[in-house]
Amino acid sequence: MPRIFSGIQPSGELHIGNYLGAVKNWVALQHQHESFFCIVNYHAITIAFAPDELRRRTRDMAISLLASGLDPARCVVFVQSDVPEHTELAWIFNTITPLGELERQVQFKDKAGRQEQVMAGLLNYPVLQAADILLYLADIVPVGEDQVQHLELSRVVARNWNARFSPDTPFFPEPQAKLTPTRRIAGLDGQAKMSKSIGNTIGLLEPPAVIWDKLRPVVTDPARQRKTDAGDPEKCPVIYPLHKAFSPAETVTQVETNCRGAGWGCIECKKVLHANMEAELVPIQVRAAELHSTPALVDDLLADGGRRARAVARTTIDAVRDRMGLDARSVRAAGVTP
Ligand code: AMP
Ligand code: TRP
């Protein structure tokens with residue numbers, strides 16, 4: 001059975017871009033596949049961060065994921081730094097990854113351009129991502145569109161390692177990205193992708209009144225100056241895609257008809273969207289508030305996830321070390337269980 005792995009940075013609360021582009025899909029997939037979902041705090045430290053804030057954001061991300069419907073009885077939810085095998089395998093993979101493959105990563109070039117000084121960890125970020133995935137021998141990686149290039153690199157890494165250390169039967173699978181129809185949600189500006197670093201987000205846990213204040217001024221089809229002007233939903237960069245994500249199919253059809261026929265004004269259309277968003281988000285927000293009031297429970301769930309992930313990770317690392325001639329003599333001789 002194909003195995004699923006995906007990761008998300010501990011950016012605090014989810015925004016609806018992460019939720020629609022990735023997490024909602026994870027919630028569905030956990031019922032069909034053996035799944036691992038990881039809060040990647042070692043990735044987060046490749047750019048400027050504050051330790052206390054990282055700690056808080058890691059827990060807040062866990063709360064958002066659990067509240068969105070990841071169920072520890074059906075999948076493994078854990079924090080990357082609880083499983084040291086991730087960094088161990090990343091080091092090994094660094095030794096078989098051509099520098100040129102890393103230098104041409106679009107996300108590296110973007111992020112590097114915004115840093116005063118570029119650290120080696122930022123360049124090696126996708127190697128750690130390959131390690132995350134391959135440690136669990138995962139075949140399928142549900143992510144948003146921005147991760148496709150990183151996934152290509154993970155396949156190069158798997159291929160290179162297999163060619164060198166497991167040429168007869170490939171040890172690592174070549175993981176594939178699994179995209180959703182909502183693979184790229186635009187931000188409130190209607191141009192850039194929704195992203196915390198740009199500040200154009202709707203937070204998953206923002207109160208409905210705040211969400212309404214954000215939706216009301218959002219640009220729609222620029223040709224629609226007045227309510228009586230006909231519009232084109234395909235030219236409405238934010239509201240129409242969000243209807244497709246949050247509203248039932250009949251409503252989406254109504255939106256199309258009423259936009260083209262100038263039946264609804266944009267504000268009416270936004271009100272319908274807002275009601276449907278509220279219906280989906282409020283139950284998530286209620287669960288998140290409960291989890292916020294029981295931090296020890298959240299920590300226990302994550303610790304348990306870490307233990308379950310580590311058991312799988314150990315098996316992979318033992319096989320990798322064995323095939324590479326890296327036997328763990330001192331640890332075993334001292335009787336220390338890893
Ligand atoms: P990040 O917050 O960058 O760790 O992203 C977590 C997941 O959300 C990844 O699978 C991304 O591809 C996805 N994602 C982030 N922003 C968006 C967006 N605006 N639209 C769709 N998916 C997104
Ligand atoms: N780079 C991913 C992002 O920014 C996060 C990530 C890290 C990831 N490791 C992963 C995603 C492994 C999928 C699989 O969204």
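Structure values in brief
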read-out: Bins of 10 Å from zero: percent of alpha-carbon pairs in segment 157-286; value: 12, 34, 25, 10, 10, 7, 1
read-out: Order of 136, 19 under a 10 Å beta carbon neighbour criterion, fewest first; value: 136, 19
read-out: Total charge dipole magnitude, segment 208-290, about the Cα centre, Cβ charges on Lys, Arg, Asp, Glu only, Debye to nearest 20; value: 240
read-out: Alpha carbon centroid spacing (whole Å) that separates segment 120-189 from segment 276-328; value: 19
read-out: 20 Å Cα-Cα reach of residue 109 towards lysines, excluding residues that sit fewer than 8 places from it in its own chain; value: 193, 196
read-out: Overall form of segment 31-160 per C-alpha gyration tensor (a/c, 1.5; a/b vs b/c); value: oblate
read-out: Which of 270, 193 has the fewest Cβ neighbours within 10 Å, and the rest in rising order; value: 193, 270
read-out: Ranking of 250, 268, 101 by count of other Cβ atoms within 10 Å, fewest first; value: 250, 268, 101
read-out: Of 274, 78, 223, farthest towards positive along the dipole that unit charges on Lys, Arg, Asp, Glu beta carbons give the chain; value: 223
read-out: Debye, to nearest 20: dipole size of the chain, +1 on Lys, Arg Cβ, -1 on Asp, Glu Cβ; value: 240
read-out: Rg(Cα) / (2.2 N^0.38 Å) computed for segment 9-79, rounded to two decimals; value: 1.10
read-out: Most mobile listed residue (278, 53, 85) in the chain, GNM with C-alpha springs under 10 Å; value: 53
read-out: Per residue Cα convex hull volume in Å³ - calculated over segment 1-46; value: 76
read-out: Amide H contacts under 5 Å for residue 178, placed H, 5+ residues apart; value: 141, 143
read-out: Backbone N within segment 278-299 under 16 Å of label point (7 Å from residue 71 Cα along the Cβ vector); value: 284, 287
read-out: Farthest toward positive dipole pole in segment 1-110 [+1 Lys/Arg, -1 Asp/Glu at C-beta], among 105, 8, 21; value: 21
read-out: Kirkwood hydrodynamic radius of segment 86-211, from inverse mean 1/r over distinct Cα pairs, in Å; value: 16.3
read-out: Whole-number Å³ per residue for the convex hull built on Cα positions in the chain; value: 156
read-out: Between segment 240-272 and segment 1-76, the alpha-carbon center distance in angstrom; value: 31
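Each reported figure results from applying straightforward, stated rules to the coordinates on display, with no laboratory input. Keep in mind that this is a model prediction, so the values were computed, not measured. In this analysis, Cβ positions are derived from the backbone assuming ideal geometry, glycine residues included, and neighbour counts consider all displayed protein chains.
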